[in-house]
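Below is one structure, written out as structure tokens; the observations come after it.
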């Protein structure tokens, strides 16, 4: 694994320690956090950025700024890390799950519209794996029904839709600085917006309800979502490297797609018009009808060969969000609101069948980690190994007639020759 932090981050940390000010208590201070916010605002071309202590905190603050509370519904995708829908529960509001586009696993605008009721307050599209959602349709639906749009961009730094960075299209964009993301300070996040009124509200709820420039005057109930100065310093250094990191990820994607482009058992990521993804993980689809064995057997062989191939079932999204215990068994949530309170007055069930397209599509998903700390050799080993597993089997390459005088009948020897020919073929393709 390559080092993604070093001298630049250490120098920034030393500057913070020299100041002896490790926490920004007021946004008007000339702090490292304020500097990072200015740098990220410039990078995205957005007016306002607030750095917070996690991507989940950014989502929470965004919902609070939009006035989401008891009795409200928020339309979410069921294919995301739990924070994308759990933040709605934390506002005592009700997550309503819309299905996905089977080609991208991004939220389906048509199903968003079907799920809208008189209780709907906002939509949270998640640019999953760095693949932009269909923001034209989503924004048109939001405008028609007067809904807020909060973009979850935690996996989608630098991804573009229609030439615009994701996070700058809806009312608020939310990013994560967690360890595995495109840039990191260990943990942290940002909420970004061009709406100054929403920005003031986000700032208010993220700092114990204190208004900017009015210390110790608490106007609403808020949280401590502040990002520490040491973490902000690291984030400043990381942001300067983002183009380099993105270029490395792009090289990995090109390598994967070139190596697997003519393998019938695997379909590459689908990229719709207007979309320019910057992948966090690289998604693919396993076609069992064109494969020599089921997906479970393929994954077992990949594991036996020490190949870094991840997958949805058993991975970091093991099931649709609504099948998690906190949703499926609502009694575990611990109190009546939001599901059973006077402000809501409806019945909702989370069970199998809520998002049938997602449930049918998830089992076909494969993922490759393309974090920029990996090496090209490691990625090459993974994709070449995947190809060899799928192509070097009896179903595709029947064993030849036994060789005269060879105790094994020649099968093992000729199998070895096939492996050599396959590797040479891949080398000729420049991989």
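Throughout, read-outs are computed from the coordinates displayed, never taken from laboratory work. All values reported here derive from a predicted model rather than from experimental measurement. So basically every Cβ, Gly included, is an ideal-geometry build from the backbone, and we count neighbours across all protein chains shown.
How do 376, 176, 308 rank when sorted from fewest to most other Cβ atoms within 10 Å of their own Cβ?
Final ranking by Cβ density, sparse to dense: 376, 308, 176.
If you fit an axis through the alpha-carbon atoms of helix 295-304 and take the longest principal axis of the Cα set of the chain, what angle between them do you get, 0 to 90°, nearest 10?
80 degrees
For helix 135-145, report the angle its Cα long axis makes with the longest principal axis of the Cα atoms of the chain; keep it between 0 and 90° and round to the nearest 10°.
That works out to roughly 40 degrees.
Give me the extension gain from residue 257 to residue 144: residue separation times 0.36 nm, minus the current Cα-Cα distance, reported in nm with one decimal.
Numbers: separation 113, 0.36 × 113 = 40.68 nm, distance 3.91 nm.
Working it through step by step, the gained length comes to 36.8 nm.
For a quick check: sort 248, 288 by the number of other beta carbons within 10 angstrom, fewest at the front.
Going from least to most buried by this count: 288, 248.
Once you have all Cα-Cα distances for segment 7-241, histogram them in 10 Å bins from zero and send the whole-percent values.
Percent of Cα pairs in each bin: 8, 34, 35, 17, 4, 0.
Using r as the Cβ-Cβ distance of residue 29 and residue 341, and R0 as 51 Å, what FRET efficiency do you calculate, to the nearest 0.05?
Step by step, r from the Cβ atoms, then E = 0.80.
Given 25 °C and 0.890 mPa s, compute D for the chain with the Stokes-Einstein relation, Rh being the Kirkwood radius over Cα pairs; round to the nearest whole µm²/s.
Calculated translational D: 105 µm²/s.
Using Cα pairs closer than 8 Å and at least 6 residues apart in sequence, work out the relative contact order for the chain, in percent.
Details: 823 pairs, mean separation 81.0, N = 431.
Reported relative contact order: 19 percent.
How much length is gained if the chain between residue 306 and residue 38 is pulled fully straight, taking 0.36 nm per residue apart and subtracting their Cα-Cα distance, in nm to one decimal?
Answer, rounded to one decimal: 92.2 nm.
Order of 391, 200, 349 from fewest to most other C-beta atoms within 10 Å?
Placing the least packed residue first, the sequence is 349, 200, 391.
In nm, give the distance between the simple-model label positions of residue 118 and residue 243, each being 7 Å from the Cα along the Cα-to-Cβ direction.
5.4 nm
With a Förster radius of 41 Å, plug the Cβ-Cβ distance of residue 21 and residue 219 into 1/(1 + (r/R0)^6) and report the FRET value to the nearest 0.05. Write down the numbers at each step before the final one.
Numbers: r = 25 Å, r/R0 = 0.61.
It comes out at approximately 0.95.
For helix 196-205, what angle does its Cα long axis make with the longest principal axis of the chain, in degrees from 0 to 90 and rounded to 10?
On a 0 to 90 degree scale, this one is about 90.
Please give the contour-minus-distance gain from residue 293 to residue 357: 0.36 nm per residue of separation, less the Cα-Cα distance, rounded to one decimal in nm.
Extra length from residue 293 to residue 357 when fully extended: 20.7 nm.
In what sequence, highest mean first, do 46-56, 236-246 appear when ranked by Cβ atoms within 10 angstrom?
Packing order, densest peptide first, comes out as 46-56, 236-246.
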